[in-house]
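Taking it in order: structure first as structure tokens, then the write-up.
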Amino acid sequence: SLTDEDPSKYDPCVDNEVETYMNLPEVQKALHANQTVILPWRWTDCTEKVQYSRSDVLASMLPVYEELLASGSLRILVFSGDVDGILPVVGTRRWVSGLGLPIKSAWRPWLSPTRQVGGHVIEYEGLIFASVRNAGHMVPYVQPERMFHLLTSFLNEES
Amino acid sequence: AALQDQVTSMPGWGPLKSFKMFSGYITVDAAAGRALFYVFVESESDPVADPLMLWLNGGPGCSSLGGGFMSELGPFLPNKDGHTLKANPYPWNKKASVLFLESPAFVGWSYSNTSSDAIVGDARTAKDSRAFLLGFMERFPQFKSNDLYLSGESYAGHYVPNLAREIVRGNRGARSPRETLNLKGILVGNPLTDTAVDNMGAVDFWWHHAMISDETAEGIRSNCDFNNIGPLLIGEDVLPTTADALTKPRVIACDEFCDRAMSELGPINIYDIYADVCIPKAAQSEALALTRALGPTPAGLMIRAAVQLSSREKQESSNSADSSS
């Protein structure tokens, strides 16, 4: 049922389309990129050229959050698409809860502009956690309306 | 300098009328010849007052152009032909000016003239990203006082908080206003944060969604050491050379239960368990990159199994077609 006229539909092959587009010479020229038609490689969404530190990948970010929260100067939103199977909402809820922050506003549903449950939210001192219902790993792509509403509410400092 | 980066028209779309867009390179280390590529889309509402938001995709090693800009929250989405664009009905630049960064060097069009720069970790990624933002503010000084937010997903669960800390520390030690950034907040989606907690969450999620058996879930929970071996480092290669008799059987059992989980899960879209997979290319590159970085985690192994299964199905389908013909 996926059609170009309905951009909100999930297209599992979007990566292929993006890669085709980004490798068009006219696109690279328009974006002022070092053109891959000149350089000996194709633009790819993800590269194997980067050799990233494995110990860093394994490192916990919780001490970093503790330092950021202690600075007291930042607003933090952690959101989670609740049908992502690689970094699921379950684990994220656990580490957020594990920070031990005082709860400002208890777990509750939040509604999208169409009055559907967009997900659930809990507000802590210094951090908000919100799930996004029926969103996968790429939340803004899979549930664009719900994510945009969440973004707008956060930036406007609305509850 | 900013005007040289302005993009006035996009192929497959036409002239840009409702917002300004810029793209190009900002050098983050002149000595090494390291420069990061960006696309910047001004807010179409009020670029003077609206916040500035940096978006980072994960991997590590994935482009924020392919994910964020072209698939998720940018003003355009690709059509299926791969040559033309359609409007994204919910672009974030209705609310903020959004900056998409290809980071670290060697991701997308970002580069370094020093080949050893391909070996990188969180510290240099954060340092380079802060250098990029300071360079960006020199090129676009009109955004210097706007509220700055950092955002991203997946491995940006590392990029974003690390960069935030780098900025907070940098602001404290700044010798001049040029070295400060007006950081207001951060947003992270489905972030990799703590491998032990996140991996246990994955196993529980699969079981809660009836995708793996009770025995497999319990086998993983009982045998895989989430605390000491991070994201379920399993297999012979991680055993110490003098593997002790207590550890080795658990590691092997963990490996076996993870294999069983893969078999039970099947070729599912790990990004979105209720969505279809792309046939025949089931591999989602960002997940694969994360898998490469993490090693053989249950999630990672599952993705690989999905790809292998998909490839096998494609081959079988092809063989069948050949036989028919």
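Computed from the coordinates by the stated procedures, all read-outs in this text should not be read as laboratory data. Computed from a predicted structure; not experimentally measured. Here Cβ is always computed from backbone atoms with ideal geometry, including for glycine, and neighbour counts include all displayed protein chains.
Cα-Cα over 23 Å: which of A:LYS29/B:LYS86; A:LYS49/B:LYS80; B:LYS94/B:LYS184?
The pairs that break the limit, which is 23 Å between Cα atoms, are A:LYS49/B:LYS80.
Only loop residues by DSSP count here, and only those with at most 16 other Cβ atoms within 10 Å; note down the trypsin sites (Lys or Arg not before Pro) in segment B:174-215 that meet that.
B:ARG175
Looking at the square roots a ≥ b ≥ c of the eigenvalues of the Cα gyration tensor of segment A:1-158, which shape do they give, rounded for a/c under 1.5, prolate if a/b is larger than b/c, or oblate?
Since a/c reaches 1.5 but b/c is at least a/b, the shape of segment A:1-158 is classed as oblate.
Report the label-to-label distance for A:VAL117 and B:SER18 in nanometres (one decimal), using points 7 Å from each Cα along the Cα→Cβ vector.
For the pair A:VAL117/B:SER18, the computed spacing is 3.3 nm.
Fewest first, what order do A:TYR141, A:TYR52 take by the number of other Cβ atoms within 10 Å?
Fewest to most other Cβ atoms nearby, the residues stand as A:TYR52, A:TYR141.
Order these by the 10 Å Cβ neighbour count, fewest first: B:GLU138, A:GLU157.
Sorted ascending by nearby Cβ count, the order is A:GLU157, B:GLU138.
As an exercise, use a Förster radius of 56 Å and the Cβ-Cβ distance of A:SER105 and B:SER9 to find the FRET efficiency, rounded to the nearest 0.05.
The value I calculate is 0.75.
Where in segment A:61-159 are there trypsin sites (Lys or Arg not before Pro) that are in a DSSP coil and have at most 16 other Cβ atoms within 10 angstrom of their Cβ?
A:ARG115
Can you compute the FRET efficiency between A:LYS49 and A:GLU158 using 1/(1 + (r/R0)^6), with r the Cβ-Cβ distance and R0 = 45 Å? Round to the nearest 0.05.
According to the calculation, E is roughly 0.60.
Using DSSP to define loop residues, name the chymotrypsin sites (Phe, Trp or Tyr not before Pro) in segment B:41-93 whose beta-carbon has at most 15 other beta-carbon atoms within 10 Å.
Of the chymotrypsin sites (Phe, Trp or Tyr not before Pro), not one in the loops of segment B:41-93 has a Cβ with at most 15 other Cβ atoms within 10 Å.
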